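For reference, the structure is listed below as structure tokens.
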Amino acid sequence: MGLRMAEDALQALRNSGPAITPSGRVSIVGRVIDDSRLSPLGAVGFNPLALHSFDAGGTHTERAHREWLTAVGFAEIARVPLAEGVSIMAARKPV
């Protein structure tokens, strides 16, 4: 789902990553679904809307976010669940 959107997310991190200083942090805020794709309910429930509303819409898994962040050299990746299926994916650029 949303292959182009996943490629765009990775490219955005590739473009912005060099601007972040060593030990700097990046935060991605959005609807993140568990790797099982069954929870949290707020993110899973949003998925059909995203698929129909955006050209390459859809929510992405925690694993996908971790893969993007790792691919561009970030470490100490953590997911902080907020409310209604929204999470913060936070990471640090190594020294």
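Rule-based calculations on the coordinates, nothing more; no lab input. Just so it is clear, the model here is predicted, and its values are computed rather than measured. Every residue, glycine as well, gets a Cβ built from its backbone with ideal geometry; the counts of neighbours run over all protein chains shown.
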### Query
Arranged by the count of other C-beta atoms within 10 angstrom, fewest first, what order do 5, 89 take?
5, 89
#### Entry: Per-pair calculated FRET efficiency, R0 = 22 Å: residue 41 and residue 67 via Cβ, rounded to 0.05
0.40
### Query
Relative contact order of segment 3-92: what whole-number percent is it, with Cα pairs under 8 angstrom and at least 6 residues apart?
36
### Task
Provide the net charge surrounding residue 85, with neighbours chosen by a C-beta distance below 11 Å and charges set as Lys +1, Arg +1, Asp -1, Glu -1.
-1
### Over 17 Å [Cα-Cα, segment 3-92], rounded percent
48
